Every structure is written in structure tokens, then in C-alpha cells.
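Enquirer: Quick one: the structure is below, and I'll ask about it shortly.
The values are calculated or read from the model by the stated rules, or taken from the named source; none is laboratory data. Note that the structure is predicted; figures quoted are calculated from it, not measured. Quick note on the areas: whole protein, heavy atoms, side chains included, nothing else; ligands and nucleic acids left out. Shrake-Rupley method; radii C 1.70, N 1.55, O 1.52, S 1.80 Å.
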Amino acid sequence: MEITSKQPESHSMTHEEKEKMQHDISKLQDQVQQISISQKVTEAKMDGLKKEVEDKMDGLKKVMEDKMDGLKKSMEAKMDGD
């Protein structure tokens, strides 16, 4: 069994084809740049939201600790009063 390789036909691009290809490449580069910018903006927003959530959680933790301390002192005072 003999395998023959067919040589690709020589095809030189026309000026119009080259211009279209350059235009397509340029459009793709613009799209990649826009996606990259969008990704950076999204990451910045996510970092901001994460910080907000962490701050709120820290605040809630502090409130709960204060309430628990208050309850503990109240219970101790009642036990000492009995």
C-alpha cells in the first residue's frame, strides 16, 4: 500500500484577503482586550464585596461576643445574688 502525499496548492493571498484577515485579527485583539478589562473590573468588584462581607461578619461577631459577655455577667450576678 503506497501513501502518496499531495502537495498543498500554492495560494497567495490577495490584497483584499490580507486586509480582511488583518481586520479580523484586529477585531479579535480588541475583543480579548475588552474581556481582559472586564475580568479585572469583575475581580475588583468581587474583592470589594468580599471585604464588605468580612467587615459585616466581624461586626456581627463583635455584637455576639458582647451579648454573650453581657449574658455571662448577668448569670454570674444572679448566681452570686442567690
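Enquirer: Measure of size requested: the Rg and Dmax of the chain, with Cα atoms as the atom set and Å as the unit; please supply both.
Expert: 34.2, 106
Enquirer: Using a 1.4 Å probe on the protein heavy atoms, what percent of the accessible area of the chain belongs to carbon and sulfur?
Expert: About 58 percent, which is the carbon plus sulfur part of the accessible surface.
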